[in-house]
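S.K.: Here it is, the structure in full.
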Amino acid sequence: MNKTIMIAAITLALGLGGGYWFAGMKKDSGNQSSADAGGERKVLFYRNPMNPAITSPVPAQDEMGMDYIPVYAEEDKPKEKKVLFYRNPMNPAITSPVPAQDEMGMDYIPVYAEEDKPKEKKVLFYRNPMNPAITSPVPAQDEMGMDYIP
């Protein structure tokens, strides 16, 4: 009995040690391939993963033990959209060229210039307004003369 337990414990220890070693080797090789492919990237600072407002000039960990995330110099910044005008949230017909508030104190909503036109939506099927289970691939009317809804 003692011999069986001892063999099981040694096998378990070898398995855990080998797995730990193999995982470390795989992690190291992944870091080398990404560094070789992209070249050396310069780290600007490190950011807290749970609160991006908290930064550090050196690698650190937060209070839960999570590593800070590196922020690199060449990361793409999102393009700033150009505001065309501001629209009243309760009455879209009312617009303003500058930020404003309506009579209830609600901020007007910015309307941005669209660089790409939105694609037209393709109608997959038309459904009966009285019985959504009934569909048609083309526009149709039901027996009461109601048009099917796209």
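No value in this document is a laboratory result; all are computed from the given coordinates. The structure presented is a predicted model; accordingly, all values stated were derived computationally and were not measured. Every residue, glycine among them, receives a Cβ derived from its backbone with ideal geometry; neighbour counts consider all protein chains shown.
S.K.: If packing is taken as the average count of other Cβ atoms within 10 Å, what order do 40-49, 124-133 fall into, highest mean first?
M.R.: Sorting 40-49, 124-133 by mean packing, highest first, produces 40-49, 124-133.
S.K.: Any chance you could run the full-extension gain for D102 through K3? It's 0.36 nm times the residue separation minus the Cα-Cα distance, nm to one decimal.
M.R.: Going from the current span to full extension adds 27.3 nm.
S.K.: Using 0.36 nm times the number of residues separating E80 and D67, minus their current alpha carbon distance, what extension gain do you get?
M.R.: Computed gain between E80 and D67 is 1.7 nm.
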